[in-house]
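Right, one structure below, let's go through it.
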Amino acid sequence: MAAPCRVLSIQSHVVRGYVGNKAAAFPLQVLGIEVDTVNSVQFSNHTGYTHWKGQVLNAEELQELYEGLKLNGVTKYDYVLTGYMRDSSFLARTVDIVQELKKQNPNLIYVCDPVLGDKWNGEGSMYVPEELLPVYKDLVVPVADIITPNQFEAELLTGQKIGTQQDVVRVMDMLHSLGPNTVVITSSELPASRGPDYLVTLGSQRRVGEDGQTHSLRICLEIPRVDAVFVGTGDLFAAMLLAWTHHHPSNFKLACEKTVSAMHHVLQRTINSARALAGPGVRPSYAQLELRMVQSKKDIENPELVVTSTLL
């Protein structure tokens, strides 16, 4: 019997809620993939809450955990998945580990969600220390195979603003030139063809064809907007994109459609539940808006395709 596909997931952990490893491990396991988790931070809850407590791991603590895995000979991974980190030395050591794992398995795929910040009401801001940005640009992105930035993060990584579809193509091509063959901008501010009630996701994949030439497939997906601020959606998105590109390695379009459709189902279930808990006319709290992951198991496992992509 073949060994199961296995992922090393290095990102945040919270006691309460679904962000980081808690948002990533469940969908990966539901979709038949084994997950080993390392926590970059350990917090009581995500930082959107009024109060939070916890610890930030450093590079030496990460290396100690990795050395323990090596001593037992259990470092054969098919994927590495990374997300939220707060310590630049931890992030740089993660790159060292990825490179070592790639030497052990040249087919290993590194999926990176470069968590840096986001935009609110048109204004972008970083919610990790600024010293992480050059580490991502110079060390992380060049060894990544798949990256899933939002628009603000893609702009930070390339130094280019996105205002048009042509800008998006240029930015995705710039990110390809740095290393990754698959780029998905998980959310953007571009106007959707279906109107302001839709959010635009964009993807690009480069492959070498049978003719020896490099070909790019660029797609656009439009997902219904939800009037709420969710936390953990980027972690869930990256995990499901990993899983669906694993299950459909030759069909990037379908992998993205399944990922975005599953996201839609999870968010709709979450907002409906949150509104019921909050009551009529009351805006749901962060606690009420925690992702309804377990309740969405069937949608994660076999999502009804409610979002289809168009070619850019």
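Below is a table of values for the structure above.
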| item | result |
| --- | --- |
| Conditions (1) free of Cβ contacts under 8 Å to residues at least 24 places away in the same chain; (2) crowded, with 18+ Cβ neighbours inside 10 Å: number failed by LEU62 | (1) |
| Segment 189-223, residues that are within 18 Å of ASP173 (Cβ to Cβ) and in contact with a Lys or Arg (Cβ under 9 Å, 6 or more places away or on another chain) | LEU202, GLY203, SER204, GLN205, THR214, HIS215, SER216, LEU217, ILE219 |
| Count - residues of segment 182-213 that are over 23 Å from ASP118 (Cα atoms) and not small (Gly, Ala, Ser) | 8 |
| Neighbours by Cβ (under 6 Å, 6+ apart or cross-chain): first from segment 288-307, β-branched (Val, Ile, Thr); second modelled with pLDDT of 95 or more and outside any helix (DSSP H, G or I) | VAL307/LEU221; VAL307/ILE223 |
| Any pair with Cβ under 6 angstrom, 6 or more apart, that starts in segment 222-237 at a residue that is over 22 Å from CYS112 (Cα atoms) and ends at one that is among the small types (Gly, Ala, Ser) and outside any helix (DSSP H, G or I) | GLU222/ALA192 |
| Complete set of residues in segment 280-312 that are surrounded by 12 or more Cβ atoms within 10 Å (Cβ to Cβ), hydroxyl-bearing (Ser, Thr, Tyr) and closer than 17 Å to ILE223 by Cα | THR308, SER309 |
| Which numbered condition VAL35 misses (of (1) touching a helix residue (DSSP H, G or I) at 6+ places or on another chain (Cβ under 7 Å); (2) closer than 26 Å to ILE300 by Cα; (3) in a loop (DSSP other than H, G, I, E, B)) | (3) |
| Selection within segment 122-147 - of a type in the set (Gly, Ala, Ser) and at pLDDT below 95 | GLY122, GLY124, SER125 |
| Flag if THR37 is closer than 24 Å to HIS246 by Cα and touching a Ser or Thr at 6+ places or on another chain (Cβ under 7 Å) | yes |
| Residue tally, condition surrounded by fewer than 23 Cβ atoms within 10 Å (Cβ to Cβ) and assigned to a helix (DSSP H, G or I), over segment 76-90 | 2 |
| Every residue from segment 188-219 that is basic (Lys, Arg), without any contact (Cβ under 8 Å) to a residue 40 or more places away in the chain and under 19 Å from SER177 (Cβ atoms) | ARG206, ARG207 |
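The values are calculated or read from the model by the stated rules, or taken from the named source; none is laboratory data. Every value quoted in this text rests on a predicted model; they were computed, and no experiment measured them. A quick note on method: Cβ atoms are made from the backbone with ideal geometry, for glycine too, and the neighbour counts reach across all protein chains shown.
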